[in-house]
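The values are calculated or read from the model by the stated rules, or taken from the named source; none is laboratory data. Computed from a prediction, not measured in an experiment: that's the story for all the values here. Here the Cβ positions follow ideal geometry from the backbone for every residue, glycine too, while neighbour counts run over all protein chains shown.
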Protein chains: 2
Amino acid sequence: MLKYQKIYNDLKIQIQQGFYKSGDLLPSENELCNKYSITRTTSRKALDELLKEGFIEKKQGLGSVVIERRKSLGLLNVKGFSEAGGSNVKNIFLQKPVISEWSDQIIFHVSEEETHTDCIHFERLRCIGPDPVMVEYNWLANFELSSLIEKEFVDQSFFKTLSQQYLIEIIGSKHEIRAEFANKKIARLLKVDEKTPVLHISVMFITSKPGFNIYAELYCITEKYPVSNFYKI
Amino acid sequence: MLKYQKIYNDLKIQIQQGFYKSGDLLPSENELCNKYSITRTTSRKALDELLKEGFIEKKQGLGSVVIERRKSLGLLNVKGFSEAGGSNVKNIFLQKPVISEWSDQIIFHVSEEETHTDCIHFERLRCIGPDPVMVEYNWLANFELSSLIEKEFVDQSFFKTLSQQYLIEIIGSKHEIRAEFANKKIARLLKVDEKTPVLHISVMFITSKPGFNIYAELYCITEKYPVSNFYKI
DNA sequence: TAGTGGTCTAGACCACGGT
DNA sequence: CCGTGGTCTAGACCACTAG
C-alpha cells in the first residue's frame, strides 16, 4: 500500500469509528510527518483525499477539522428530513431487514455476483411530524452483512450503520425520477387518494466496496416537502 | 495571481475557446515546467484543478486528455437528451431571449444585486423525436450578456454558449423537485391531458461568475423519458 | 509568537503507454 | 525505448489563527 493511502486509511477509520468526532482537529500535517516518517507532500496528499471525500475541512492557521455532514453526494433528500432533524422525523419499518429474493421492482441492472448472493430487503415509511412523506424499498446483496438483520440501525440511519459498522461508504449514485400516480398501496401508506401525483425515484447507490451496490425504490409526496438536492464542485 | 492559477487559467481558456478539443492532449507536466519556469509540483497542481473540475482526464503513460462531457455536475438530465444526441433532439423557442421583469415563478431567493439588474428571460420546448418532453423557463441577470438576445446559441446549448462566449461555467446547482398535475398551458405544450402527473423541477445554477446565478423552472413528462442523474466522487 | 495550512523549488525513482 | 503521469524526499517562505 502506498504511504499516503496508509495515512488516509488510518485517519478515515478513526473518523468512521468515532475516535475523531465532528469538530475535532486531526493531527497537523507536521505531526503526521513525524509519526509516519514522511514528508509534508505525503501527509498533505493523505489529507487532501479526506478533503475530497468530504470527511474534513482544512482551515489555514487552524488545522484539519472533521465535519459531520459528508460533502454533497449528489443525493436527493426530502426537504425537511435534514432541517426537521431527528426529533421530528420517524422511520417506521414496514418490513425489517430480512433475507429475500431479488425483486423485479429494481430497475437498474443487478450484477450476477449480486444475484448469486442472498438479498437483504427492508421497507420503511418515513414521516415528518404526523405526515407520512416517503415509502422506501431497499435491496442489497448479503456480502457478510447478516448482522444487519439482527441489530438496530445506528441513529435509525442505514448509511451511518454501513459506515460505522462495516466501513462502507457511499461514493456515487444513479437516479431515475418519474412523476406517477400513486398506486393503491402507496396511496394508502402515504394517506392520499389514488390518482395523486407522487415522485417515484429509483436509485442505485455505488459504494466503496467494489461490486456492492444498494438499490432503492422511493415514493414521495412532494406537496409539503419537495425533494431537494444541492451540488457544488 | 498564484503561479498554478495562472497555468490553470491559461489552459482552461484554451479549452473553452476550442484550441484544445475533446480528445486532445494538453502539454505534458514537464513541458509546462519548461514553458512557465516552474517545478512539477506546480504544473501538477494546475492540472489537478482542471481534473477536479472535469475538464481533463489524466492517463498514466499518455498524458492529460481533454474530455467532452464535464464531470457529472449533479445536474438532472432528461434521459434521452444525451443518448438521443443532437439529431433527434429539437429545442423550440416559445420565447426567444428578451429583457423582461423578474418573475415570481422563481422559487429561489434572487439577490438584490440581481433584481436591480435587468432580467433576461427565455422559454423553450424540448422534444425527443416527435415527443415534446420538457417545458423550460429560464431567468438570469443581464450582467453584460445582452448579446445573448441577438445571437443564436452555440449548438442550441445555453450552457455551451455561456462557456465558450463568456467563459462562465456552472459550478453548482440547487434543485427542488415535485410531482404535480400539469396545468393547462403545460398540458397543451406537452400534449397530455390536464391532470397528468408531471415532474416540476426548480433549479438554481451557481456559476463561476460570483453573484451570477441562473434560475429555471422545468416541467417534464417522464413516462417515456425519466429524468436521470449520475454522481460519483 | 508559535503553530497551522498554502505555495513552491529541485531533485529522485517508479509504473504505464505507445512506438 | 522514451516520455508520460504517480509517488516521494528535503527543504523554503508565506498567510492565517489562536492564545
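A few remarks follow.
- Residue in region A:200-223 that is modelled with pLDDT under 90 and either assigned to a strand (DSSP E or B) or buried (at least 20 other Cβ atoms within 10 Å of the Cβ) (or both) present: yes
- Among the residues listed as A:Lys6, A:Lys58, A:Lys71, A:Lys12, the single one being in a loop (DSSP other than H, G, I, E, B) and either among the charged types (D, E, K, R) or at pLDDT 95 or above (or both): A:Lys71
- Some residue of region A:101-108 being free of Cβ contacts under 8 Å to residues at least 40 places away in the same chain and outside any loop (DSSP other than H, G, I, E, B): no
- Hey, A:Thr161 of a type outside the set (A, V, I, L, M, F, W, C) and either in contact with a helix residue (DSSP H, G or I) (Cβ under 7 Å, 6 or more places away or on another chain) or away from chain B (no Cβ under 12 Å) (or both) or not: yes
- Tabulated pairs, region B:13-40, first over 15 Å from B:Glu68 (Cβ atoms) and within 10 Å of DNA strand C (Cβ to nearest atom), second part of a loop (DSSP other than H, G, I, E, B) and of a type in the set (D, E, K, R), C-beta under 6 angstrom, 6+ apart or interchain: none
- Residue check, B:Ile170 closer than 30 Å to A:Glu169 by Cβ and surrounded by fewer than 19 Cβ atoms within 10 Å (Cβ to Cβ): no
- Against the numbered list (1) out of contact with any Ser or Thr (no Cβ under 7 Å at 6 or more places or on another chain); (2) facing chain B (nearest Cβ under 8 Å); (3) touching a residue at least 12 places away in the same chain (Cβ under 8 Å), A:Glu223 comes up short only at (3).
- Of the criteria (1) more than 23 Å from B:Val203 (Cα to Cα); (2) within 8 Å of another protein chain (Cβ to nearest Cβ), which one A:Lys185 fails: (2)
- A:Lys195 falls short on exactly one of the conditions (1) at negative phi; (2) within 12 Å of chain B (Cβ to nearest Cβ); (3) part of a loop (DSSP other than H, G, I, E, B), and that condition is (1).
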